[in-house]
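J.: Please see the structure below; I have some questions.
The values are calculated or read from the model by the stated rules, or taken from the named source; none is laboratory data. Please read all numbers here as calculations on a predicted model, not as lab measurements. Here the Cβ is made from the backbone with ideal geometry for all residues, glycine too, and neighbour counts use every protein chain on show. We work out accessible area using only protein heavy atoms, side chains counted, and drop any ligands, DNA or RNA first. Shrake-Rupley method; radii C 1.70, N 1.55, O 1.52, S 1.80 Å.
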Amino acid sequence: MDSKIHAVKIIKPNKLSSAEELADFSKEELIAKIQSLEAHNTQLQNIINKSPNKASLNSISNNFDFLKCGFRHILLHVFYLGWDYQGFAVQEDTTNTIEYHLFQALMKTCLIKNRESANYHRCGRTDKGVSSFGQVISIDVRSKLSSDTEQDLDNEIDYCKVLNRVLPSNIQCVAWAPSQSDFSARFNCISRTYKYYFPKGNLNIHKMREASKYLIGSHDFRNFAKMDVGNGVVQFVRSILEFQIQPWNLNKDVKDEFSLYVAIIKGNAFLWHQIRYIMGVLFLIGANKEEPSLVLRLLNVEENPRKPEYNMANEIPLNLFLCEYDEVTWRVSQESLRVVIQKLQQIWYFTTVKSSMIRDTINNLLGKLENPTDITCLSECLIGGVKSKKYVPVMMRKTCESLEDKIQHYSKRKRIEIVVKSSETNK
């Protein structure tokens, strides 16, 4: 019999512990559970305290007779500048998220009664500071039509116009599309494209491009991601379909250290922080601190099952730029789109003026510096963490826990349950 493990499935146990389970806990485990529950209660109280409009929104929903309305399932194409937000998804301890503002707008305009009944999915869950031009959500919303003919759709509620009036100027709807009720913005997405913007500085773009080619294809990216084992993620094979590094503006002098480049990464799906860890490695290679072959070594999880400790790139330049679907026809309101562009132009104007003022100051101060060539490479600010005086190669650094160690860790703490499937073969 061959008892070799060939599959590991993670199942989250019921969050409500029985009396028998609690009796088996050690004193330390019980203390930890009580502290966790107290912290959770504090978070919930903070939500209540920070949500003064919740009662008024519920009042609006309760006074609106949804029973007299028809509903349709739609996709919404949303853009947001995430720099000042705590991420896309709703969180327990803050209202400063993209999703929070979206649902506030959806309920305020009586397009939905509540989130629970809205058949809601999101394509991607971007983290704190990350932006998106291509985020897509699927949701059931109020409709004034009973059919989906092209002529009738022209008379449908202008969902983008209605929502944009009450959304912040840095969160706006671009287009919408009718869809079947079982269509999911997450599970029906065929590809996602991210863009990461960065200044050239003194980076060796040729070496970065060489290294990026090794990432294309299906690989185990556990050494280029944060392992989210506590939430059941134990498979780290993902496929990168395209990876390009090119000047953002082809008409500008690409040799200027202030010129912007953009990395364009297309794949089916991505792991937690995968893009940022990839860019962190590419910046080290571009700074001539590592060779392109480092990517191959990190992808070889059999020889290197533990991820070396290195810093991921900053979140601000990252943008979920495109989410693609089969057979989706987007509807764009020209009137609404003009208003959106005007709002973006205003944001661009003030941001560009600030950037130009800073650039002017830098040029003035460089003229007073005796040796301006010893200024730190511009791209180094995109990699966080403490900079050591002597550089230590990535493969010589301390490593993190292996996947197997993390699985055992969460299993021991009863955060997850391991179900092992073994194969049996006759000799």
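J.: Which whole-number value in Å³ per residue fits the convex hull of the alpha carbons of the stretch 76-200?
T.: It comes to 132 Å³ per residue, whole-number rounded.
J.: Given the peptides 74-81, 175-182, 230-237, 294-301, arrange them by the average over their residues of other C-beta atoms within 10 Å, most packed first.
T.: The peptides rank, most packed first, as 74-81, 294-301, 175-182, 230-237.
J.: For the stretch 256-346, state the semi-axes of the equivalent ellipsoid (square roots of 5 times the eigenvalues of the alpha-carbon gyration tensor), sorted largest first and rounded to whole angstrom.
T.: 35, 19, 11
J.: While we're here: By how many nm would the segment from Asp360 to Lys27 grow when fully extended, if each residue of separation counts as 0.36 nm and the alpha-carbon distance is taken off?
T.: 113.7 nm
J.: Given the peptides 91-99, 400-408, arrange them by the average over their residues of other C-beta atoms within 10 Å, most packed first.
T.: For the peptides 91-99, 400-408, the packing ranking is 91-99, 400-408.
J.: Also, quick follow-up: State the percentage of accessible surface on the stretch 168-280 attributable to carbon and sulfur atoms; use a 1.4 Å probe and exclude ligands, DNA and RNA.
T.: The nonpolar share, carbon plus sulfur, comes to 47 percent.
J.: A further question follows. Under a plain spin-label model, where a point goes 7 Å from the Cα along Cα-to-Cβ, how far apart in nm are Ser293 and Lys398?
T.: 2.8
J.: Hey, with R₀ at 22 Å, roughly what FRET efficiency would Gln408 and Leu37 work out to, going by the Cβ-Cβ distance, to 0.05?
T.: FRET efficiency, Gln408 to Leu37: 0.35.
J.: Starting from 0 in steps of 5 Å, tell me what percent of the Cα-Cα pairs of the stretch 332-374 lands in each bin.
T.: 5, 19, 14, 12, 12, 9, 9, 7, 6, 5, 3, 0
J.: Tell me, in nm to one decimal, what length is gained between Asn96 and Lys389 on full extension, where the rule is 0.36 nm per residue of separation less the Cα-Cα distance?
T.: 101.7 nm
J.: Can I ask one more? Per 5 Å bin, what is the whole-percent P(r) computed from every C-alpha pair distance within the stretch 166-236?
T.: Per 5 Å bin, starting at 0, the Cα pair percentages come out as 3, 8, 10, 15, 17, 13, 17, 12, 4, 1, 0.
J.: List the equivalent ellipsoid semi-axes of the stretch 73-142 in whole Å, largest first, each obtained as the square root of 5λ for an eigenvalue λ of the Cα gyration tensor.
T.: So the three semi-axes of the stretch 73-142 are 20, 14, 10 Å.
J.: Leaving out ligands and nucleic acids, note down the accessible area per residue over the stretch 195-281 with a 1.4 angstrom probe, in whole Å².
T.: 44
J.: Taking Rh as the Kirkwood radius computed over C-alpha pairs, what is the Stokes-Einstein D of the stretch 208-260 at 37 °C in a medium of viscosity 0.692 mPa s, expressed in µm² per second?
T.: For the chosen part, D equals 238 µm²/s.
J.: How big is the convex hull of the Cα atoms of the stretch 190-324, per residue, in Å³?
T.: So the per-residue Cα hull volume is 110 Å³.
J.: How long is the gain from Arg186 to Leu250 if the chain were fully straight, where each residue apart is worth 0.36 nm and the alpha carbon distance is subtracted?
T.: Taking Arg186 through Leu250 to full extension adds about 19.7 nm, to one decimal.
J.: Provide the three semi-axes, in whole Å and in decreasing order, of the ellipsoid equivalent to the stretch 136-203 as defined by the square roots of 5 times the Cα gyration tensor eigenvalues.
T.: With the √(5λ) rule applied to the stretch 136-203, the semi-axes are 32, 18, 11 Å.
J.: Heavy atoms only, probe 1.4 Å: what % of the accessible area of the stretch 80-156 goes to carbon and sulfur, would you let me know?
T.: Summing carbon and sulfur atoms, their accessible area is 43 percent of the total for the stretch 80-156.
J.: In whole angstrom, how far apart do the alpha carbon centroids of the stretch 324-360 and the stretch 249-289 sit?
T.: 23
J.: Something else about it: Restrict the search to the stretch 111-212; then list the trypsin sites (Lys or Arg not before Pro) that DSSP places in a loop and that have at most 10 other Cβ atoms within 10 Å of their Cβ.
T.: none
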